Structure formats: structure tokens, C-alpha cells
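Shown next, in C-alpha cells, is the structure this report addresses.
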Amino acid sequence: MADDMAVQVHPRDRQELLRVQPRRGSSPSRVAPSAAAPPGDLRAIYVLAWLLCAIFYFYQYAVRSAPGVMQQELIAAWGGNYLGGMISAYYVAYALMALVAGLLLDRYGPRQTIPLGIAAVGIGCLIFAQGSLAAGMVGFVLQAIGAIFGFIGASYVAARYLPARMLAIFLGLTQALGMAGAAFGTKPVHLAIDPAGSFRVGWQEVWIGFMVMGFVLALATWIVMPREKGDSAEHHGALSLASVLQPFRLVFGNPQSWLAGIIGGLLFVPTTIGALVWATAFLHDGQHMSMADAASDAFMVPVGWVIGCPLLGYIADRIGRRKPVLIGGAFVMLAAGLMAIYVPEGTFPRYSVALVLGIASGAAMIPFSMMKEANPPQVKGTAAGVMNFLVFLTTGIVSPFISHLMVPASGHALTLHEFQSAFLPLVGGIVIALVLSFIIRETGARRADAAEKPLVIAGPVKS
């Protein structure tokens, strides 16, 4: 017999049910299938695929950092100091390629894109090793074009193949490996090329070594990566201008995307600009520390970052909420930043303020998870690309402004008060990020709408 009965649906299944149900009057055959949901459990092959992407992120950071410790060799080879222009070109190419990389991942999947990105970095290293200025510029920009697939690729694989409840911690671990890669690209490379050292490797040979590492990693990634072609058949259609623009319309048309991008960018710049670029000068000239002590103190911020990114990601995944961890981390960042700027050096135990600031800066990774969770699953790659683009856009806007404030009008070193005034925009950025963190919607597994009563679908059920 047929009775009118109410069927209760668990909140976890509500979104999927609403997505796959056809509209009234539509044919079921016309409903596009949904993107594959992330698995509920860890699988070794998928963890290995993510790990290879994270190692690529480590590798590209090491490559990116290497020119900084071979300045004398590059100046001698190029007949002048062109590192500033080369680094600017790198970040312009990196930011613009972020949008393209995400789209390619969505359309063609990780196996057809990420190994090519790794190979592009390897080829860029080979070109850089040729020794001329032109080769250096071309090679470094080519490295940027391939390098963007490091973090975006790792975050795509984590979002697609690993449990959703563990997304934040895997993104945090990825960022931690990147910071470790930056350290690898400086100290070991310096030891290798140091004329007074034991190894005395030529700077061009270092780039050849980077090339070999890249090609081996590209091959391993191609072998391990899942053999699927992304979501293009279901969600993007045939290649056309309209299908290319559609993912960007979805992501840029979502106000939550803008909130996540702005929050992430404003929480990144206090470390990427304030700590990594200007902290040593502030401690040396403003706080009158020795240069060696100032450099050691500033180095504790990225050390804290390595700790904080996976730690805060783990906490966010553990409690199933993003906003409390984001807001708490930003508050600690604000407090530690104010202490670093205004409290005299020596008041607190050495390294403690810089280390706490670095750990709390891990909150900047939380919006990366929120960006993915706030957008449809079929545009997860595009969302990651847009997130990186917005973060680098924020950095590109803020960096020249801070640099202008750090240039003394008198030609002498800045005073402590002048340093404090120059750092104020970074403090203001954290405050703005805090305000926006209260506005952005919660996207964690235990978000508020999951606590509502189960969806009731009324209708005839035959028995």
C-alpha cells in the first residue's frame, strides 16, 4: 500500500541530497553528476600522492630561495645586481599563474598537470644554469610558472582524495614543508658554494642538481598520481571561453571567497613582509641588537610558522570549526606583534615573542581551507588558485607601501619610533582581518547548519 510518510535525512547527507535531486519538471538524465566526494578514511596511495605534492612545494621553495645566498656569484656572472627585478618578475608570474593552475587542475586533474609543473621548474633550473642574465631571467620566471602547482596541487589532492575532516591539518603540513624548503634553499646551498668551505661546488652545478631533483620528482609524481581527468566532463563542458570563465564566476561571485582571500592575505603580510624582510633591521637599528642576534631572533618567526601551520590546522579539524581557531590565532598574532614592536627587547625570554608570533601566524592557513569549503567541490582547484592570487595581490599592494615607510628621509637608519610607525599598517591589517573573521561564514564539519533539525522530505512511500 501507499502511505504519506516523512523521511528524515541526517544533516551530513543534506547537501549531497539537495545537489543531486532534479528540479521539478526536469528530466533526471539532464542532471549533471556531482563531483566525487572526499573519502571518509585515509588511503595510503592518496597520502603518498599528497606527500609528493608537498615535497614539490618544499623543492620549489628551496629553488626560489637559492639566489639569495649566491648574490655575489650572480652579480659577478651578470655584471650587476639584477636580483630585485628578477624576484619581482617571479612573483608577478607566480600570482597570475595561480589562476591558470587552478583552472587546469579542475579541467584535467592532477596527473596531467602537477608533473608538468615540476618538470617546468626543472627546465627552468637548467636554463638558469646557462649563466647569462637573460637565461637567469627566463629560467626564474619559468620556475615560477611551474612552482605554483606546488601548494595548489597539494591542496587540490588533499581536498579531493583525503578525508574532509583532515583538510586543515594537511594544508598546514604542506605550508610547514614549504618553510622547511626555504631553509634548505639557503643554508645547505651556502655551504655548498662557500669558497672557504669544504665542498666548493660551483653555483651553476647547484642548479644542475636542482634540475635532476625536479625530473626525478616529476616522474615519481606521474607514476603515483591517481589516473583521472578532473571534473571537466561533468562540470566544465567543452573547452570554450564560456567554460573557462564559468569557474571564475562561481568563485569570484561568492562573497565568502573575497573574505577568505583578504583575511588570508592580511594575516600573511606580518610574517612575509614584517618578520622576514624588516625584522632584522628593526631589531638591529631600532632595538640596538647585534646583527647576529637580530637575525637569529627574526629566524624564530618562520620556525614558529613550521610549528603553527599544522598545529592550528589539527585543532581546527579536531573541533570541526574554523572560525574559533582563526580568531584565536589572529588575537595572539595581534598581541605578539604589539609586544614585538612596543615592548623593549629583553623584557620577555629571548625568542619567546618571535616564536609565539610565528606559531600564531599559522592561522593564516585556515582561510585556505575555508575558501575550498565555501565553494562547490567541482571548482576546488580554481578556488585554490584564486586564494593564492588574492594573497599575493594583498602582499603586492602592502609591500611597496611598507617599504616606502621604511626608507628614512634623512638617509640615516630609522629610529625606534620611526620603525614603530612603519609597522602600524601591518598591525591595522591584523585588526581588519579579525573583524572580517567574525563576518565570514563558518565552514567546518560542525558548522551551525549541521546542528539544525534533520531535513524532512514528505511524500508517498510505497511499501
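The values are calculated or read from the model by the stated rules, or taken from the named source; none is laboratory data. Fair warning: this is a prediction, and the values are worked out from it, not measured in the lab. Please note: Cβ atoms are built from the backbone with ideal geometry, for glycine as well, and neighbour counts cover all protein chains shown. We work out accessible area using only protein heavy atoms, side chains counted, and drop any ligands, DNA or RNA first. Shrake-Rupley method; radii C 1.70, N 1.55, O 1.52, S 1.80 Å.
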For region 63-99, name all the residues that are among the aromatic types (Phe, Trp, Tyr) and open to solvent by less than 20 Å² (accessible area, probe 1.4 Å).
-> Tyr90, Tyr94
With (1) more than 20 Å from the chain's Cα centre (by Cα); (2) surrounded by 24 or more Cβ atoms within 10 Å (Cβ to Cβ) as the list, and Asp285 as the residue in question, which single condition is left unmet?
-> (2)
Region 138-160 residues that are within 13 Å of Gly385 (Cβ to Cβ) and basic (Lys, Arg), paired with ones that are open to solvent by less than 10 Å² (accessible area, probe 1.4 Å) and in a helix (DSSP H, G or I) (beta carbon under 9 Å, 6 or more apart) = none
Just wondering, is there one or more residues in region 116-138 that are under 20 Å from Pro302 (Cβ atoms), in a helix (DSSP H, G or I) and open to solvent by less than 20 Å² (accessible area, probe 1.4 Å)?
-> no
The number of residues in region 164-204 that are open to solvent by less than 40 Å² (accessible area, probe 1.4 Å) and not in a helix (DSSP H, G or I) is 3
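Please find, within region 100-115, the residue that is modelled with the lowest pLDDT out of those that are farther than 18 Å from Ala242 by Cα and open to solvent by less than 20 Å² (accessible area, probe 1.4 Å).
If we take residues in region 100-115 being farther than 18 Å from Ala242 by Cα and open to solvent by less than 20 Å² (accessible area, probe 1.4 Å), then Gly109 is modelled with the lowest pLDDT.
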Conditions: (1) farther than 19 Å from Trp222 by Cα; (2) touching a Phe, Trp or Tyr at 6+ places or on another chain (Cβ under 7 Å). Thr113 meets all but one. Number of the miss?
-> (1)
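So which residues in region 381-401 are of a type in the set (Gly, Ala, Ser) and either touching a strand residue (DSSP E or B) at 6+ places or on another chain (Cβ under 9 Å) or open to solvent by 10 Å² or more (accessible area, probe 1.4 Å) (or both)? Spell out how you get there, then give the answer.
First, the residues of region 381-401 that are of a type in the set (Gly, Ala, Ser): 381, 383-385, 396, 399.
Gly396, Ser399 - these are the residues of region 381-401 that are of a type in the set (Gly, Ala, Ser) and either touching a strand residue (DSSP E or B) at 6+ places or on another chain (Cβ under 9 Å) or open to solvent by 10 Å² or more (accessible area, probe 1.4 Å) (or both).
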Can you name the residue in region 402-442 that is open to solvent by 10 Å² or more (accessible area, probe 1.4 Å) and among the hydroxyl-bearing types (Ser, Thr, Tyr) and, of all such residues, is nearest to Ala168 (Cα to Cα)?
-> Ser403
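Provide a single number: the residues in region 139-148 that are open to solvent by less than 10 Å² (accessible area, probe 1.4 Å) and within 24 Å of Gln175 (Cβ to Cβ).
Of the residues in that region, 6 qualify.
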Could you check His288 against (1) in a helix (DSSP H, G or I); (2) modelled with pLDDT under 90; (3) not hydroxyl-bearing (Ser, Thr, Tyr) and say which number it fails?
-> (1)
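Residues in region 185-198: is at least one more than 27 Å from Trp78 (Cα to Cα) and in contact (Cβ under 8 Å) with a residue 60 or more places away in the chain? Full working, then the answer.
Taking region 185-198 first, the residues more than 27 Å from Trp78 (Cα to Cα) are none.
Checking region 185-198: not a single residue is more than 27 Å from Trp78 (Cα to Cα) and in contact (Cβ under 8 Å) with a residue 60 or more places away in the chain.
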Looking only at region 297-316, which residues are within 13 Å of Met365 (Cα to Cα) and crowded, with 24+ Cβ neighbours inside 10 Å?
-> Trp305, Gly308, Cys309, Leu312, Gly313, Ala316
Would you mention how many residues in region 314-357 are farther than 17 Å from Leu426 by Cα, in a helix (DSSP H, G or I) and not hydrophobic (A, V, I, L, M, F, W, C)?
-> 7
Residues of region 350-380 satisfying the condition of being under 17 Å from Leu105 (Cα atoms), of a type in the set (Phe, Trp, Tyr) and open to solvent by 30 Å² or more (accessible area, probe 1.4 Å) = none
